[in-house]
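Following: one structure in structure tokens, then a few remarks.
The values are calculated or read from the model by the stated rules, or taken from the named source; none is laboratory data. Predicted, not measured: the structure shown is a model, and the values here were computed from it. Reconstructed Cβ throughout: ideal geometry from the backbone, glycine too, with neighbour counts over all protein chains shown. Calculation scope for accessible area: heavy atoms of the full protein, side chains included, ligands and nucleic acids excluded. Shrake-Rupley method; radii C 1.70, N 1.55, O 1.52, S 1.80 Å.
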Amino acid sequence: MRIILCGFGVVGQSLVKLFDSRADDLYAKYGLKPRVVGVFDSKGSAVDQSGLDFNKLVEVKKKFGTVKNYANTKNSMDGIDMLKNIEADVLIETTASNYKDAEPGMTHIIMAMKKGMHVISVNKGPLALAFPSLLELATYNQVMFKFSGTVGGGTPILDYAKNSLRGERITSFAGILNGTTNYILTNMATGLSFDDALKDAKDKGYVEADESLDLDGLDAAAKLVILANWVMNMKVTLPDINCVGIRNVTVEDIKKASKNNCAIKLIASCDKELVVEPKEVSNNDPLCVNGTLNAIAFTSEHSGTQTIIGKGAGGMETASSILRDLLDIRQEIARN
């Protein structure tokens, strides 16, 4: 299967390492032989129609900070050129999420679909701003659009809601969808001030380069959009979310919650309205997880409430979700 990889940061590098370590197993078990024919990052690209060497890609990126030096060529394509000129079956979009106009990911995804390529995205920007129309575009062009790594990283939250609760009608859901804010609030519960807890999260590399994505609830809101569309069949985008972040949560608020046997968590909820806001959650509630964990509770008509808990992010976790999506695509192609 020929693959173009957009972006070669932590997730992209983790993915090719995963391809490399599981090559024999993927072919023997699933008949999948991933062949990455093109990769581009913000500084340049590497192309080889017969398939790029995974180890060499990672080494070159580590040494030069870009894949551009993979081969001794002066010409380096940008993403749009690559999508126009290189034949591939699947585009994997891992560039950084941008909630203003979703670029460059939006253009990559649209171009790939129009060319008849299946798309896997872990970039939340395009889905947050244009989920309904991207799904329509995929259907129109008869391609598959997969995005299980956009919510929950390696924890299969979207798959669980769609498949494990098949036949059930989910009436509402609520959850902690951002591990960074959960880590900060957990540390504040031990007595740290907001600023100190934020500094600690930054030192550990948990905070996005643009900290407002975490602190103002935008990341959680984007994931809420994806869940509401995918699980509840809504047609919503980011402006439909009522969003409040954690910047105004004080140590006093945390202490007050503690007296009520509760903790303050940034909760994204879908129950008639779509809301992201800090709320008191009982310490006995399965949703009340600590550290960087994510948790989401789905309430359905007959099965009551089911909670799924797991790591929300991480390079290898997210890469494993991309591999899951790729295997789904391979299976679907084999079926038709």
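Using only alpha carbon pairs under 8 Å that are at least six residues apart, calculate the relative contact order of the stretch 1-128 and give it in whole percent.
27
Compute the long axis of helix 315-335 from its Cα atoms, compare it with the longest principal axis of the Cα atoms of the chain, and write down the angle in degrees, 0 to 90, nearest 10.
60
Can you give the calculated 222 nm mean residue ellipticity of the chain, where each DSSP H run of n ≥ 4 adds -39,500 (n - 2.57) and the sum is split over every residue, rounded to the nearest 500 deg cm²/dmol?
-12000 deg cm²/dmol
At what distance in angstrom do the alpha carbon centres of the stretch 60-122 and the stretch 189-265 lie from each other?
30
What full-extension length gain, to one decimal in nm, is calculated for residue 203 and residue 302 as 0.36 nm per residue of separation minus the Cα-Cα distance?
Separation in residues times 0.36 nm, less the Cα-Cα distance, equals 31.2 nm.
In debye, nearest 20, what is the charge dipole magnitude of the stretch 148-282 about its Cα centre with +1 on Lys and Arg Cβ and -1 on Asp and Glu Cβ, if you could check?
500
Just want to confirm a number: the relative contact order over the chain, from Cα pairs under 8 angstrom separated by 6+ residues, in percent.
This gives 19 percent for the chain.
Which FRET efficiency, nearest 0.05, do residue 133 and residue 72 yield, Cβ-Cβ r, R0 41 Å?
0.45
For the stretch 63-170, what does the convex hull of the Cα positions come to per residue, in cubic angstrom?
Roughly 141 Å³ of hull volume per residue.
Let me check against my output: what whole-number percent is the relative contact order of the stretch 201-336, with C-alpha pairs under 8 Å and at least 6 apart?
Details: 148 pairs, mean separation 20.3, N = 136.
Relative contact order comes out at 15 percent.
Please list 45, 133 in order of solvent-accessible area, largest first, computed with a 1.4 Å probe with all protein chains present.
Descending accessible area places them as 133, 45.
Would you mind computing, in nm to one decimal, how far apart the modelled labels at residue 55 and residue 28 are, each placed 7 Å from Cα along Cα→Cβ?
Calculated label separation equals 2.0 nm.
Short version: ³J(HN,Hα) in whole Hz for each residue of the stretch 296-309, in order, from phi by Karplus 6.51 cos²θ - 1.76 cosθ + 1.60 (θ = phi - 60°), x for Gly and Pro, what are they?
9, 10, 9, 9, 10, 4, 10, 8, x, 10, 10, 10, 10, 10
Considering the convex hull of the alpha carbon atoms of the chain, report its projected area averaged over all viewing directions, in nm², one decimal.
That works out to 17.6 nm².
So who's got an amide H within less than 5 Å of the one on residue 312, skipping anything under 5 residues away but keeping other chains? H placed 1.01 Å off N, in plane.
294
By accessible area of protein heavy atoms, probe 1.4 Å, what ranking do 108, 302 get, highest first?
302, 108
How big is the charge dipole of the chain about its Cα centre, in debye rounded to the nearest 20, if each Lys and Arg gets +1 on its Cβ and each Asp and Glu gets -1 on its Cβ?
So the dipole magnitude of the chain works out to roughly 740 debye.
Cα axis of helix 179-188 to longest principal axis of the chain: angle in degrees, 0 to 90, nearest 10?
Its long axis makes an angle of about 30 degrees.
If you fit an axis through the alpha-carbon atoms of helix 10-21 and take the longest principal axis of the Cα set of the chain, what angle between them do you get, 0 to 90°, nearest 10?
Roughly 60 degrees, rounded to the nearest 10.
Determine, at each q value in 0.09 (inverse angstroms), the log₁₀ of I(q)/I(0) that the Debye formula gives when each Cα of the stretch 192-336 is one equal point scatterer.
Log10 of I(q)/I(0), two decimals: -0.35.
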